[in-house]
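The values are calculated or read from the model by the stated rules, or taken from the named source; none is laboratory data. This one's a predicted model, so the numbers in the text were calculated from it and none came from an experiment. So basically every Cβ, Gly included, is an ideal-geometry build from the backbone, and we count neighbours across all protein chains shown.
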Ligand SMILES: C[S@@+](CC[C@H](N)C(=O)[O-])C[C@H]1O[C@@H](n2cnc3c(N)ncnc32)[C@H](O)[C@@H]1O
């Protein structure tokens, strides 16, 4: 058996054993966790090249260095406006360290005076991914620290496509009994199939508070997702932030956008070689599994931890505002070369990454208006 088949076989066996021990069914959230994060074997644990043009899907980081360069420019503007002489930038979900390299590379080239005034911390619980990051960031040795838990921060805590990679719960509506159930997964021949599981008490707080008129028309099996793990992470990040900004770039929706007539099966999907996979339960560990982030719930969680929501903008609005600042301020950004212009188009075009990706910015002890992050409605 080749190593890839053996890896998938081990993940499949682990899942089947857990199902047998649990009496036949496990919650989808556990299935997704095993598929993506089983130590040594999970989708995100064994091959750094999964993300990128030659992998299964690409992100704003894989488009080129411009995304990181624009973030570095914006983060420095925030630091300078707050009159800070040293700052902490904490990145989570750094994968192979490419975004950190883009940010630190730009600082070295365009703001060398800041090089030793930025404490760049990567929050990485996986030893495997940390090794990938250390390799890529070898040229920046001494400028980057690692931690496996979020440190108390004065500056920026940020991530790109981290929250949409957290294991998630899928909830379904039983039209007959008019109650929500939890989607689980059980065995079906040599593969896996969806099953309905009862809703545990501890998850009831995550259910949406929908008006009766809407519940009356929800079709049986209507499905939506939320990630208690992502919400707990956001809450921990909000509490760790002593002063500054908490920033997440992700594809996502507001709570009410999940409940539109065209979205009856939720937003869960899988990617393999830049294509949607047909059956997200087939071959766990072979494809990326992901779903839209619920930004409304993240806003609540951050605000409950004392943060103020600066805004939720589309990526194109946020990056266009930063780009226009690079043209109108005297601060050096570097020339807008052809490759940079092409990357900017991909990052902001509504049919590429510009509209479906959004950025949520919350802050503590900062004075930033919604329009400052490019949200025209703010
Ligand atoms: C979709 S990838 C995005 C990678 C990179 N930020 C980019 O934009 O190209 C999500 C990454 O988050 C990582 N991840 C998942 N849970 C994490 C956690 N609790 N802390 C840090 N990283 C995590 C995954 O392993 C994966 O490397």
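Residue by residue, here is whether (1) touching a residue at least 40 places away in the same chain (Cβ under 8 Å); (2) outside any loop (DSSP other than H, G, I, E, B); (3) loosely packed, with under 13 Cβ neighbours inside 10 Å; (4) within 21 Å of the chain's Cα centre (by Cα) holds:
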{"residue": "271", "(1), (2), (3), (4)": "yes, yes, no, yes"}
{"residue": "280", "(1), (2), (3), (4)": "no, no, no, yes"}
{"residue": "302", "(1), (2), (3), (4)": "yes, yes, no, yes"}
{"residue": "311", "(1), (2), (3), (4)": "yes, yes, no, yes"}
{"residue": "324", "(1), (2), (3), (4)": "no, yes, yes, no"}
Residues of segment 69-97 being under 20 Å from residue 134 (Cβ atoms) and buried (at least 23 other Cβ atoms within 10 Å of the Cβ), in sequence order, are 89, 90, 91, 93, 94, 95, 97
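Determine, yes or no, whether residue 286 is part of a strand (DSSP E or B) and in contact (Cβ under 8 Å) with a residue 24 or more places away in the chain.
no
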Among the residues of segment 328-378, the number that are farther than 20 Å from residue 105 by Cα and part of a helix (DSSP H, G or I) is 13
When residue 155 is run through (1) touching a residue at least 24 places away in the same chain (Cβ under 8 Å); (2) surrounded by fewer than 21 Cβ atoms within 10 Å (Cβ to Cβ); (3) touching a strand residue (DSSP E or B) at 6+ places or on another chain (Cβ under 9 Å), the failure sits at (2)
Across (1) touching a residue at least 24 places away in the same chain (Cβ under 8 Å); (2) assigned to a loop (DSSP other than H, G, I, E, B), residue 262 clears everything bar (1)
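Please find, among 167, 151, 219, the residue that is more than 12 Å from the ligand (Cβ to nearest atom), at pLDDT 95 or above and assigned to a loop (DSSP other than H, G, I, E, B).
Details: 167 fails: more than 12 Å from the ligand (Cβ to nearest atom); 219 fails: at pLDDT 95 or above.
Testing whether each residue is more than 12 Å from the ligand (Cβ to nearest atom), at pLDDT 95 or above and assigned to a loop (DSSP other than H, G, I, E, B) leaves just 151.
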task = Would you mind stating whether residue 14 is closer than 30 Å to residue 171 by Cα, away from the ligand (no atom under 12 Å from the Cβ) and at pLDDT 95 or above?
result = yes
message: Residues that are within 16 Å of the ligand (Cβ to nearest atom), under 22 Å from residue 267 (Cβ atoms) and part of a loop (DSSP other than H, G, I, E, B): does segment 21-43 have at least one?
response: yes
Checked segment 68-108 for anything out of contact with any helix residue (DSSP H, G or I) (no Cβ under 7 Å at 6 or more places or on another chain), outside any helix (DSSP H, G or I), more than 16 Å from the ligand (Cβ to nearest atom) and in contact (Cβ under 8 Å) with a residue 60 or more places away in the chain; matches are 82, 84, 88
- prompt: Do we find a residue being closer than 21 Å to residue 44 by Cα and surrounded by fewer than 15 Cβ atoms within 10 Å (Cβ to Cβ) anywhere in segment 203-210?
  reply: no
Residue count, segment 124-142, condition closer than 10 Å to residue 96 by Cα, outside any helix (DSSP H, G or I) and out of contact with any helix residue (DSSP H, G or I) (no Cβ under 8 Å at 6 or more places or on another chain), comes to 0
With the first residue restricted to segment 121-143 and required to be more than 22 Å from residue 87 (Cα to Cα), and the second required to be near the ligand (Cβ under 9 Å from one of its atoms) and part of a helix (DSSP H, G or I), Cβ contacts under 9 Å at 6 or more apart or on different chains are 126/37; 128/48; 129/48; 132/48; 135/48; 136/48; 136/98
Q | residue 9 being closer than 14 Å to residue 185 by Cβ and surrounded by fewer than 19 Cβ atoms within 10 Å (Cβ to Cβ) | A | no
